[in-house]
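Structure first, commentary second.
The values are calculated or read from the model by the stated rules, or taken from the named source; none is laboratory data. None of the values given here were measured: they were computed from a predicted structure. Ideal geometry is used to build each Cβ from the backbone, glycine not excepted, and the neighbour counts take in all protein chains shown.
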Amino acid sequence: MNLQGKVAIVTGSRRGIGKAIAIEMAREGADIVISDISLDECNDVCNEIKTLGRRSLAVKCDVSKRKDVENLFKQAKKKFGTVDILVNNAGIYRVIPLTKMTEKEWDLVIDVNLKSVFLCTQSFVKQLGKKKGSVVSIASIAGEVGFANSSAYCASKAGIITLTKELAMELSPNIRVNAVGPGPIRTPMTKFIEKDKKALKGIVAAIPLGRMGEPEEIAKAVVFLASDNASYVTGQTLFVDGGWVSQ
């Protein structure tokens, strides 16, 4: 069990990739803090984790708000004493042409996807002190190749990739900082793609492995980067995308 004895916070973990990460980390021995905007759904995930024999805590949190983030770490420390791993997974996606996007819509995507990484990582570092820790943020292939009508999303994910490099330099040697860049993954966020058969066919055709990925495949990559198995890895973005960005 690669994460035995560790405590991890996973933001945006009530469903989709975040939930898969939380469950996989619990299977690998970690105690988990589930964080999202819906406390009821967080509690549901907590109950699943407890059936795996691990401790878990649900905390309602809007990761774009400093007070919420500070409370998240306060509750985690009160319950577990410390946090060893932070997974910045929370994110939203908006498909809006540049000329129709409002400033409010732009700010919302940037705040939830990118500002949250700053806020959560800052709080993580402060509570960690001089102890060793690991940060894994969820970026996207959209931060590397770009997608039409997704300007704020692409900008936020590109920001995560670059911020990961900077933080790896700044926080070494005690804290390793890496990112995972998913390709198209079957989650509630991507259901709109699967409903459009023509769009789905075009996307699958662009993936060398010929299929969309599953949340569990992202979770396994996150566990690797968070664990001591990646003890000499920092500042990297691991693209788990069926080969999309390698073309």
- prompt: Given the residues Phe73, Phe124, Phe80, which is the only one that is under 17 Å from Val10 (Cα atoms), aromatic (Phe, Trp, Tyr) and surrounded by fewer than 20 Cβ atoms within 10 Å (Cβ to Cβ)?
  reply: Phe80
- prompt: Has segment 44-61 got at least one residue that is surrounded by fewer than 17 Cβ atoms within 10 Å (Cβ to Cβ) and among the aliphatic types (A, V, I, L, M)?
  reply: yes
- prompt: For segment 17-37, what are the residues that are farther than 19 Å from Thr82 by Cα, hydrophobic (A, V, I, L, M, F, W, C) and over 13 Å from the mean Cα position of the chain (by Cα)?
  reply: Ile23, Ile37
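Let's see how each residue does on (1) touching a strand residue (DSSP E or B) at 6+ places or on another chain (Cβ under 9 Å); (2) over 24 Å from Met212 (Cα atoms); (3) not β-branched (Val, Ile, Thr):
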| position | (1), (2), (3) |
| --- | --- |
| Gly5 | yes, yes, yes |
| Ile9 | yes, yes, no |
| Ile17 | yes, no, no |
| Ile23 | yes, no, no |
| Ala26 | yes, yes, yes |
| Gly29 | no, yes, yes |
| Asp44 | yes, yes, yes |
field: Matching residues, segment 208-247, being aliphatic (A, V, I, L, M) and modelled with pLDDT of 95 or more
entry: Leu209, Ile218, Ala219, Ala221, Val222, Val223, Leu225, Ala226, Ala230, Val233, Leu238, Val240
task: Please enumerate the residues belonging to segment 38-74 that are assigned to a strand (DSSP E or B) and more than 17 Å from the chain's Cα centre (by Cα).
output: Ser56, Leu57
- line: Within segment 26-42, residues being closer than 20 Å to Arg186 by Cβ and touching a residue at least 40 places away in the same chain (Cβ under 8 Å) number 1
query: If you go through segment 166-175 one residue at a time, do you hit one that is surrounded by 21 or more Cβ atoms within 10 Å (Cβ to Cβ) and either hydroxyl-bearing (Ser, Thr, Tyr) or within 23 Å of Glu217 (Cα to Cα) (or both)?
result: no
- request: Would you mention how many residues in segment 127-150 are surrounded by 19 or more Cβ atoms within 10 Å (Cβ to Cβ), polar (S, T, N, Q) and closer than 27 Å to Ile96 by Cα?
  value: 3
query: Taking Arg14 and the conditions (1) under 17 Å from the mean Cα position of the chain (by Cα); (2) in contact (Cβ under 8 Å) with a residue 40 or more places away in the chain, which numbered condition does it fall short on, given that it satisfies the others?
result: (2)
- request: Scan segment 62-80 and give yes if some residue there is among the acidic types (Asp, Glu) and over 25 Å from Ser140 (Cβ atoms), otherwise no.
  value: yes
query: When you scan segment 141-198, how many residues do you find that are hydroxyl-bearing (Ser, Thr, Tyr) and in contact with a Gly (Cβ under 7 Å, 6 or more places away or on another chain)?
result: 2
message: Please verify whether Leu108 is surrounded by 13 or more Cβ atoms within 10 Å (Cβ to Cβ), within 11 Å of Ser156 (Cβ to Cβ) and not β-branched (Val, Ile, Thr), treating the condition exactly as stated.
response: yes
